[in-house]
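To start, the structure itself, in structure tokens.
The values are calculated or read from the model by the stated rules, or taken from the named source; none is laboratory data. In this text, all values refer to a predicted model and were calculated from it rather than measured experimentally. Note that we place each Cβ from the backbone using ideal geometry, even for glycine, and neighbour counts take in every protein chain shown.
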Amino acid sequence: MEQTESPSSIYYNMLGSMTSGLIGRVPCHPLDTLKAKLQVQQSMLKDASTAALKSVSHNDPHIQSRWVPSIRKLSFGIGRFLAGDASIAASNVPFKNTRDAFRQTLRREGVIGLYRGLVISTIAGMPASCLYFTAYESTR
């Protein structure tokens with residue numbers, strides 16, 4: 001005898017699959033961020049000289065953020081850990097490797113810099129994980 005799923009169980013499957021997609025993305029996103037930085041750097045170096053690198057560097061990597069300056073004001077070094085140190089000048093020297101990209105990003109942009117783009121990445125990936133896991137559970 002076939003069991004039919006109730007609408008509430010499908011909603012629970014969808015909610016669980018969206019949550020698992022988010023949980024899976026959070027620990028891996030810093031690696032994606034570093035990979036993207038290295039890829040952009042490589043294409044800039046290939047297309048032109050380091051002048052292209054100079055043109056994209058700003059004094060403050062969080063220049064468009066409204067709330068990062070207030071985070072930097074947190075005491076006990078927490079603000080600098082989360083939002084980086086804006087007083088560090090942007091380097092025109094390319095990243096040497098992944099570890100160097102991680103170190104420079106963490107030092108200059110903080111933990112927030114490693115998770116830049118997480119929201120849009122999660123929003124874009126949630127429907128896919130939702131459909132995948134819900135379809136799997138429904139057909140199982």
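Is it fair to say LEU106 is touching a Gly at 6+ places or on another chain (Cβ under 8 Å) and farther than 14 Å from GLY16 by Cβ?
Yes: the conditions hold for LEU106.
If we scan the range 87-97, do we find a residue that is at pLDDT 85 or above and among the aliphatic types (A, V, I, L, M)?
No, the range 87-97 has no match at all.
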